[in-house]
Amino acid sequence: MVQVKEVTTKREQRAFLNFPLKLYEGNPYFVPPLYMDEKKIFRKDYVYYDQSEAVYYLAYREGKVVGRISAILQRVSNEKWHQKRVRFTRFDCIDDQKVASALFAAAENWAKERGMEEVVGPLGFSDLEREGLLIEGFDELSTFEEQYNFPYYQKLIENCGYQKDVDWVESQLRAPKEIDPRYEKLSAALLKKHNLRFSDAKTTREFIRRYADPLFDLLDATYEPIYGSVPMTSGMKKMMIDNFKLIVDIRYVTVILNEKDEVVCFGICFPSIAKAMQKSKGHLTPAALVRVLRALRHPKVLDLALIGVRPDYRMKGVSTAILSGLMNYLRTEVEYAETNLNLEDNSAIRNQWKAFDARQHKRRRCFVKRIAGETPGETN
């Protein structure tokens with residue numbers, strides 16, 4: 001018999017955080033999140049709880065944890081998109097439909113009690129968190145920013161009545177065998193035409209001091225229409241700055257300014273720390289810290305984290321300069337770059353990758369289920 005229980009005690013919190021680490025132990029493709037960051041979801045002052053509420057469940061069989069799930073009522077998202085949705089996230093489960101069904105029933109009942117009409121996910125508190133269920137690319141190393149899952153998860157979720165809402169695709173980018181010399185010239189010509197220049201920030205500290213606020217404003221403008229996005233709060237900004245201090249390397253940051261010193265375009269790549277975090281199961285131990293520092297100083301892989309262009313500059317080809325810089329990284333010490341998530345219908349960004357030796361190697365899906373009309377306690 002499967003028993004689902006809401007997480008309320010410190011012991012249950014640890015079990016919730018540790019379950020995926022045990023489930024994926026020895027899996028060469030799974031990359032854990034930073035454990036110290038994950039622990040923050042159980043703090044009352046967690047950065048997202050001023051705009052959201054969440055619940056966490058564990059599934060037990062014969063006293064042993066066999067699954068977990070979290071449900072989030074993201075009020076700001078619902079207001080922005082005019083929806084009545086609860087998001088599910090952090091779903092992990094053994095290959096057992098009864099366990100999965102019991103977990104989703106608990107999440108759905110929680111949503112119904114709050115008058116919601118749909119359950120959607122995997123989605124976190126914002127699009128800064130891990131999102132989407134991996135449905136293609138199970139033999140590819142996950143990035144540190146995104147979640148890995150076993151192939152059977154899709155079956156478990158669909159059997160609970162969920163259907164596709166959106167898909168994201170991910171690509172691996174390498175420098176093309178022959179780089180068109182006109183590409184770099186075009187980039188320089190576009191910058192000159194629009195009276196633009198690159199930032200001369202020399203350190204990460206200087207970059208954050210000079211550009212954090214305008215970058216966040218541009219980030220909001222760029223991602224405002226993107227699926228699942230929510231406006232940045234001061235708490236979210238502080239959290240991102242703290243993360244930037246850990247993994248941003250100024251060598252892989254590009255900021256483009258206009259004649260008024262305004263940020264009109266930016267691109268940020270993170271040196272991949274995926275392999276560095278695997279051995280320690282997400283714990284930042286002294287040995288793990290050494291591996292992370294080594295990965296940051298001499299990266300073999302870059303994760304494309306954020307690219308933004310001010311709306312009035314989007315049709316001017318300014319992003320070409322960002323891609324030209326990425327191409328230069330890939331021609332030197334970096335082996336390849338990972339794009340992370342691109343919505344499958346975002347042709348503007350996906351067309352940019354045609355300039356590279358690109359390989360689409362992963363696909364992720366967000367599912368949705370309508371629960372309106374059901375009363376708490378009902379399951380399919």
Checking Y313 against (1) open to solvent by 50 Å² or more (accessible area, probe 1.4 Å); (2) over 26 Å from D37 (Cβ atoms), which test does it fail? (1)
Filter result for the condition that a residue is closer than 23 Å to A355 by Cβ and open to solvent by 10 Å² or more (accessible area, probe 1.4 Å), over V264, V253: V253
List, please: which pairs have Cβ atoms under 8 Å, are six or more places apart or on different chains, and start with a residue in the stretch 329-357 that is open to solvent by less than 30 Å² (accessible area, probe 1.4 Å) and end with one that is of a type in the set (V, I, T) and in a loop (DSSP other than H, G, I, E, B)? E338/T143; N340/T143; L343/I226; W353/T339
Can you tell me which residues in the stretch 143-180 are of a type in the set (A, V, I, L, M), open to solvent by less than 10 Å² (accessible area, probe 1.4 Å), closer than 28 Å to A105 by Cα and within 21 Å of the chain's Cα centre (by Cα)? I157
Within the stretch 38-71, work out how many residues are under 14 Å from M236 (Cβ atoms) and of a type in the set (D, E). 2
Filter pass, K5 being without any contact (Cβ under 8 Å) to a residue 60 or more places away in the chain, open to solvent by 70 Å² or more (accessible area, probe 1.4 Å) and either in a loop (DSSP other than H, G, I, E, B) or closer than 13 Å to G282 by Cβ (or both): no
Are any of the residues in the stretch 117-134 in contact with a Gly (Cβ under 9 Å, 6 or more places away or on another chain), among the acidic types (D, E) and farther than 21 Å from F16 by Cβ? yes
Which listed residue is within 21 Å of F138 (Cα to Cα), touching a strand residue (DSSP E or B) at 6+ places or on another chain (Cβ under 8 Å), open to solvent by 10 Å² or more (accessible area, probe 1.4 Å) and in contact (Cβ under 8 Å) with a residue 40 or more places away in the chain, from F30, F91: F91
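The values are calculated or read from the model by the stated rules, or taken from the named source; none is laboratory data. Everything numeric here is computed off the predicted structure, so don't read it as measured data. So basically every Cβ, Gly included, is an ideal-geometry build from the backbone, and we count neighbours across all protein chains shown. When the accessible area is computed, the model is the full protein with side chains, heavy atoms only, and any ligands, DNA or RNA have been set aside. Shrake-Rupley method; radii C 1.70, N 1.55, O 1.52, S 1.80 Å.
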